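Let me begin by presenting the structure, written as structure tokens, before commenting on it.
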Amino acid sequence: MDGPPGERILVTGASGQIGADLVCELRSRYGRDNVVASDIREPEQDSPILDGPYRPLSVLDGDSMESTIEEEGIGTIYHLAAILSATGESDPELCHRVNVGGTVCVLEAARDFGLRVYAPSSIAVFGPDSPRIAPQVTPLNPTTMYGKTKVTGEILAMNYWKQYGVDVRGIRYPGLVSWKAPAGGGTTDYAVDIFRSAIEDGHYECFVREDTKLPMMYMDDAIRGTISLMEAPIENLGPSRAGYNLGGMSFTAGELADAISERVPGFTCDFAPDVRQEYADSWPDDVDDSTARDEWGWEPEYDLVKMVDEMLEMMRATQSS
Ligand code: NAD
Ligand code: SER
């Protein structure tokens, strides 16, 4: 193979929470027609990812993956397709098949065609034995199937980099908060759902305890971090390249509810933990992101106050438009 079939970008799992923001940002940077969105699930009719090229694609279908890469002239894959923690624990076989099988399919295609790959990891790689502020390098003993598939994803990515020279990069995203697309099937979804319920109903029943503290990040920071990592010189990246810790903010569910009630008069929140409490309890409170800061200059821009203000403003604006 002389090199990749082209320089265009393929985004898998683009109909999801991150895809809605990442596809828009990639198109504004590299050109609308140079970013091909794909998913196994038909996007909503008003989805921003339909403002440019879109192809239905399962990441488990190696033949379709190959033909998409050749026909669309792909040089880089942003591989977002996955099953998140809550859905993954209710269907662990599906979670393993999509998260591990899909990642192998993408990495194999990258090896065959000489592609670059972005494959996100998660704070779910950490288990209950992790220090509460998770270091970059520490034993990874997750208790959820989702977390186990994310550890496997990091190991696979490092193998393809070391054995075949595939340039794979990844971030252990914290829980992501955004307004363009709903969060789906995760444990940190409460931090997204609470905003819509506050505006529409003035009330939210939260599925984790008030004192549940997790690493979180506003989507704009996550997208900026993702693109910074993919644009970082390859020689700057060390052995954490497949799963950088990335800090944004860290708050309890109660602190988030308080920040919203200060801005939405009359808003109330009850806490009724369900099985997702267990998954949240197995994850750290915060992460040490000094490696990402040192190697490629990571710095978050959003704290809790700035995020809550922007979330409410954007959700109110989309609701009234
Ligand atoms: P999401 O659940 O919102 O979207 C995932 C998308 O993958 C969905 O649109 C789904 O239809 C698609 N998909 C599922 N099976 C597929 C298949 N076989 N082929 C093609 N597409 C398929 O998830 P997201 O929040 O956008 O997450 C994207 C990535 O980021 C995942 O790897 C996830 O583990 C990681 N991540 C997300 C968060 C977060 O808070 N959103 C945090 C940490 C890590
Ligand atoms: N936000 C994700 C989830 O809750 C963590 O990767 O599943």
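Could you please find all residues in segment 43-60 being exposed (fewer than 15 other Cβ atoms within 10 Å of the Cβ) and either modelled with pLDDT of 95 or more or within 16 Å of ligand 2 (Cβ to nearest atom) (or both)?
Start the filter on segment 43-60 by keeping residues that are exposed (fewer than 15 other Cβ atoms within 10 Å of the Cβ), which leaves 44-46, 51, 56.
ASP51, PRO56 - these are the residues of segment 43-60 that are exposed (fewer than 15 other Cβ atoms within 10 Å of the Cβ) and either modelled with pLDDT of 95 or more or within 16 Å of ligand 2 (Cβ to nearest atom) (or both).
Of VAL305, VAL275, VAL287, which residue is hydrophobic (A, V, I, L, M, F, W, C) and over 25 Å from ALA86 (Cβ atoms)? Lay out the reasoning, then the answer.
Numbers: VAL275 fails: over 25 Å from ALA86 (Cβ atoms); VAL287 fails: over 25 Å from ALA86 (Cβ atoms).
The match here is VAL305.
Here is a list of conditions, (1) closer than 30 Å to ILE9 by Cα; (2) more than 20 Å from the chain's Cα centre (by Cα); (3) surrounded by 13 or more Cβ atoms within 10 Å (Cβ to Cβ), and LEU229 meets all of them except one; can you say which number that is?
Only one criterion is unmet by LEU229, namely (2).
Return the residues of segment 160-213 that are within 16 Å of ligand 2 (Cβ to nearest atom) and in a helix (DSSP H, G or I); say none if nothing qualifies.
TYR190, ALA191, VAL192, ASP193, ILE194, PHE195
What pairs can you find where one residue is in segment 113-132 and free of Cβ contacts under 8 Å to residues at least 60 places away in the same chain and closer than 17 Å to GLU154 by Cβ, the other is in a strand (DSSP E or B) and within 15 Å of ligand 2 (Cβ to nearest atom), and their Cβ atoms are less than 7 Å apart, with a gap of 6+ or different chains?
VAL117/HIS79; SER122/ARG172; SER122/TYR173
Do you know which residues across segment 222-264 are farther than 30 Å from LEU312 by Cα and out of contact with any Phe, Trp or Tyr (no Cβ under 8 Å at 6 or more places or on another chain)?
Passing the criteria: GLU231, PRO233, ILE234, GLU235, GLY238, PRO239, SER240, GLY243.
Results for (1) in contact with a strand residue (DSSP E or B) (Cβ under 6 Å, 6 or more places away or on another chain); (2) modelled with pLDDT of 95 or more, shown as yes or no for each residue.
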{"residue": "VAL151", "(1), (2)": "no, yes"}
{"residue": "GLU154", "(1), (2)": "yes, yes"}
{"residue": "ASN159", "(1), (2)": "no, yes"}
{"residue": "VAL177", "(1), (2)": "yes, yes"}
{"residue": "ALA183", "(1), (2)": "no, no"}
{"residue": "THR187", "(1), (2)": "no, yes"}
{"residue": "VAL192", "(1), (2)": "yes, yes"}
{"residue": "PHE195", "(1), (2)": "no, yes"}
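Could you identify the single residue in GLY127, GLY147 that is within 23 Å of LEU94 (Cα to Cα), out of contact with any Lys or Arg (no Cβ under 9 Å at 6 or more places or on another chain) and surrounded by fewer than 24 Cβ atoms within 10 Å (Cβ to Cβ)? It would help to see each step written out before you state the result.
Numbers: GLY147 fails: surrounded by fewer than 24 Cβ atoms within 10 Å (Cβ to Cβ).
Unique residue meeting the criteria: GLY127.
Does ASP211 satisfy the criteria of being among the acidic types (Asp, Glu) and either farther than 22 Å from ARG196 by Cβ or in contact (Cβ under 8 Å) with a residue 40 or more places away in the chain (or both)?
Working: among the acidic types (Asp, Glu): yes; either farther than 22 Å from ARG196 by Cβ or in contact (Cβ under 8 Å) with a residue 40 or more places away in the chain (or both): yes.
Answer is yes for this residue.
Just name the residue that is farthest from GLY6 (Cα to Cα) out of those in segment 41-72 that are among the hydroxyl-bearing types (Ser, Thr, Tyr) and outside any strand (DSSP E or B). Step through it out loud before you land on a result.
To start, the set of residues in segment 41-72 that are among the hydroxyl-bearing types (Ser, Thr, Tyr) comprises 47, 54, 58, 64, 67-68.
Going one step further and asking which of them are outside any strand (DSSP E or B), we end up with 47, 58, 64, 67-68.
On the way: SER47: 26, SER58: 21, SER64: 17, SER67: 13, THR68: 12 Å.
Ranking the qualifying residues of segment 41-72, first place goes to SER47.
Quick check: anything in segment 91-112 assigned to a loop (DSSP other than H, G, I, E, B) and touching a residue at least 12 places away in the same chain (Cβ under 8 Å)?
Taking segment 91-112 and keeping what is assigned to a loop (DSSP other than H, G, I, E, B), we get 91.
Retained after the next criterion (residues that are touching a residue at least 12 places away in the same chain (Cβ under 8 Å)): none.
No - not one qualifying residue is present in segment 91-112.
The values are calculated or read from the model by the stated rules, or taken from the named source; none is laboratory data. For clarity, every value in this text was computed on a predicted model and none was experimentally measured. When we count neighbours, we look across all protein chains shown, and the Cβ atoms used for this are built from the backbone with ideal geometry, even at glycine.
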